[in-house]
Structures are given as C-alpha cells and as structure tokens.
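All remarks here apply to the structure that follows.
Please treat every number below as a calculation from the coordinates, not as lab data. Keep in mind it's a predicted model, so treat the numbers as computed, not measured. Neighbour counts are summed over all protein chains in view; Cβ atoms, including those assigned to glycine, are modelled from backbone coordinates with ideal geometry.
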Amino acid sequence: MSPSPRIKGWCPGAWRPMATGDGLLVRVRPPLGQLSREQVLALCDAAETFGSGLIELTSRANFQLRGVTDESWPPLMAFLVEHQLVSDDPEAERQPQLMLAPAWQMGDDTHTIARLLQARGGELAAMPGKVGIAIDAGIAPVLGDSAADFRIERSREGGLLVRADGYAQGTAVSGTDAAVEQLIRLTHWFVDSGGWESGRMRRHTAPLPDWAPADTAPASHGEKLTLGEHSGGIVVGLPFGRVAAEKLREAVFQTSARVVQVTPWRRLLLQDCDTLAAIDGLIRHNSDPRLAMDACPGAPFCEQASVATQPLAEKLSGWGETSVHISGCAKGCARRAPADVCLVGQAGRFNVVVNGGADSTPVKTGLSESEVVDFMRKFSENS
Ligand code: SF4
C-alpha cells in the first residue's frame with residue numbers, strides 16, 4: 001500500500017481558501033448546482049483577474065479557482081459576493097454540501113427537497129467539513145459513484161428513501177417533507193454516535209438506529225449525462241475537470257444558454273441551447289479518450305503531489321478501453337471507484353495498481369514516466 005497522504009479533515013471553501021502548490025485554491029459551490037449565464041461569465045472574469053485563469057470542476061460538482069494570492073483574495077471575495085457566487089456569511093459555507101442530480105427540473109422531487117433543505121439547513125447537525133448530502137430523487141439514482149455521506153434516492157417501488165453511505169439499502173419515507181425530516185434526524189444520530197471521530201459515514205461503525213432500518217432497495221442506477229445534445233440543452237466535458245476561463249466564456253457566448261448546470265462528472269449542461277461549435281479545451285464527443293481517464297491536479301498544483309499527472313494523462317489517452325486513474329498521491333481525489341489501472345505518485349515516481357484505487361496495494365512500485373508508458377502499452381495489448 002502507498003504511504004498515507006495527509007488528511008486535512010476539512011474542505012476548502014471561498015472563505016477558507018486552501019494553500020496549494022500554485023497559490024490559494026478558492027472553491028465556489030453553485031447553489032442548487034447551477035449558475036446563471038451572468039454568473040458563469042463573472043466566474044470567468046474572476047479567474048482571470050484574481051487567479052491564474054484556470055477553472056476546475058470537482059467530483060462534487062463545485063468550481064475551483066486556482067492561483068489566487070494573499071493580495072488578490074480580498075478583492076476576489078468582494079467580487080464573488082457581489083455576483084452572488086458566494087454568500088456574504090462565512091458560516092453558510094460550513095453547512096454540508098448539497099449535490100443535486102443534474103438535469104433536475106423546477107418543482108420535481110430533487111428540486112423540492114433541495115429547497116426544503118436550504119430552508120431547514122440550520123436544523124442539520126454540525127458535522128465534519130467533508131460530509132456531503134446527495135439529493136438524487138429523479139426516476140433513477142445517478143449519483144451512486146459520487147461521494148456523499150447521506151443520500152435521498154428513488155426506491156425500486158417508486159417512492160423515496162434516505163440512505164446512509166456504506167449501506168446498500170435505505171429507509172423508505174412517505175414524501176419530500178418526510179425525507180428531509182429523516183435526513184435531519186440521521187445527521188443528529190451520526191454526530192451523537194461519534195460522527196466527529198469517524199469523520200465520514202462510510203467509516204462510521206455505530207449500528208443504524210431502529211427508526212432507520214435500511215431495508216428498502218434503491219432503484220437501479222440511471223445513466224450519467226452523455227455529451228452532446230440533451231433534452232435540456234448541450235452537455236460538454238472538461239478534460240480532467242479543467243478549462244481555461246477564456247474557453248468557458250467562449251462556449252457561453254456562442255450559445256443562448258441562460259443557465260449552466262454542473263455535474264460531478266466533469267461535465268456541464270448548457271441549458272436551453274441546441275448548437276455549439278467545437279471549442280478547443282472542451283470535450284464534445286462521447287468517444288473522446290480523455291473521458292476514460294481521471295487525473296487529479298498533481299504537481300505543481302497540489303503540495304501533496306511529487307509527480308505531474310495531467311501531462312501523463314494526455315499522453316496515455318486513447319490507449320484502448322482501459323480506464324486509467326492518475327493520482328498525485330494515495331489520497332485519490334480524482335476518482336472514488338476502482339479503475340483498471342491506477343498510477344499513484346510517490347517520491348517522484350509511480351506505483352501501479354491494477355483493478356483498484358489510489359490506496360490499494362500496487363503490483364509495481366517506483367516506475368519512471370517512460371516505464372509507466374511501457375507498462376501501459378503492454379497492458380493495453382493484453383487486455
Ligand atoms: S490525489 Fe492529487 S489532488 Fe489529491 S491530495 Fe493527492 S496529489 Fe493532491
């Protein structure tokens with residue numbers, strides 16, 4: 001197993017930026033998982049004016065601005081608050097992250113639950129900073145591969161259920177109000193039974209209470225949004241979760257999209273538009289080999305990384321159907337699910353994991369980049 005990364009136990013936000021290898025990282029949580037056209041354009045301006053011009057989309061469907069400095073952070077915050085990209089109340093950021101199933105519609109269960117939770121957010125227990133909530137109440141759950149500690153999902157019978165991470169089944173509830181009530185109750189049980197010590201629900205060993213029997217199966221998983229035309233607009237991909245602000249601005253300018261919806265799959269839904277020309281820096285086709293790759297920012301962007309990840313990801317793209325995860329360290333930020341091959345940085349070289357994640361036991365250790373390329377060539381030929 002690769003050496004453990006430093007677990008900080010808190011998530012950066014806008015009011016609590018994190019120092020990284022290329023300056024401060026400022027995270028922006030789009031309310032209800034979407035931004036207006038004007039807000040996206042403001043975000044692009046903010047990235048260029050106060051940061052490095054790079055925008056990231058995280059696996060929890062947040063935007064990140066990189067390369068912010070101690071000097072540029074105060075005016076950046078004033079700008080973000082002015083454009084309602086960040087609340088002027090730093091405490092608002094301490095509430096658990098809500099991740100909504102993308103492509104929700106106004107008034108559907110996902111939207112209704114999110115609004116109820118926004119109104120009752122103060123009733124949730126105060127939980128560790130990394131705890132997140134998925135509101136996944138469409139026809140079928142689609143956020144199963146995305147990190148969340150508590151989920152509200154559709155059951156096989158068509159009702160709603162509340163499920164704790166680590167459990168295959170959840171507890172049926174009688175509607176949206178009951179789902180929110182059950183969720184609030186569950187967060188208090190989590191904290192009262194030692195949640196601050198375990199940090200995350202999947203590591204929490206206390207048995208669920210009697211009133212949360214976890215005896216109802218969720219519906220079979222639905223498909224994530226594919227790239228291209230969609231009933232709600234056009235879906236585009238960000239290579240390895242990154243885009244230059246100028247490219248995102250160009251995409252928005254090219255379309256009539258009034259709203260941009262974020263996803264945890266490094267894809268954006270440009271709502272209510274039907275044409276978009278090819279833009280260098282955005283993925284337009286489902287056959288793009290970069291979609292099979294996950295790579296974290298790596299060096300020099302992350303202080304915990306000793307290897308550059310994204311140039312290697314570009315180099316390895318297109319080698320067959322193999323899913324590849326390139327991780328700057330054993331923390332594995334870019335991908336939660338196992339990959340066919342996971343390349344993990346350690347002391348400037350790579351360890352190789354087959355059918356696993358960044359913290360799994362490697363089959364090879366200490367490879368140079370060219371040795372990794374050789375390994376991948378042989379692996380692709382044999383698989
Ligand atoms: S996985 Fe990548 S982004 Fe996450 S801490 Fe390690 S090097 Fe940094």
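List every DSSP H helix in the chain whose Cα atoms extend 18 Å or more along the helix's own long axis and whose mean Kyte-Doolittle hydropathy is at least -0.5. Numbers along the way, then the final one.
Numbers: long enough: 37-50 (19 Å, 0.24); 176-192 (24 Å, 0.17); 369-382 (20 Å, -0.83).
Correct list, ordered by number: 37-50, 176-192.
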(message) Counting just the Cα atoms, what span does the stretch 29-134 cover along each of its three principal axes? Round to the nearest Å and put the largest first.
(response) 39, 29, 24
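Based on the Cβ-Cβ distance from M18 to D177, what FRET efficiency comes out when R0 is 30 Å, to the nearest 0.05?
On the way: r = 37 Å, r/R0 = 1.22.
My answer for the efficiency is 0.25.
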(request) Treating only the Cβ atoms of Lys and Arg (+1) and Asp and Glu (-1) as charged, compute the dipole magnitude of the chain about its Cα centre; round to the nearest 20 debye. (result) 680 debye
(message) Using Cβ counts within 10 Å as a stand-in for footprinting exposure, how do M106, M376 rank, fewest first?
(response) M106, M376
(message) Taking the number of other C-beta atoms within 10 Å as the exposure measure, put K331, K378, K130 in order starting with the fewest.
(response) K378, K130, K331
(request) Note the per residue figure in Å³ for the convex hull of the C-alpha positions in the stretch 129-169. (result) 62 Å³
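Cut-off is 10 Å between beta-carbons; in what order do L248, L41 appear when sorted fewest neighbours first?
Values: L248 25, L41 18.
Lowest count first: L41, L248.
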(message) Under 23 Å between alpha carbons, and skipping anything fewer than 8 positions from K130 in its own chain: which lysines qualify?
(response) K8, K331
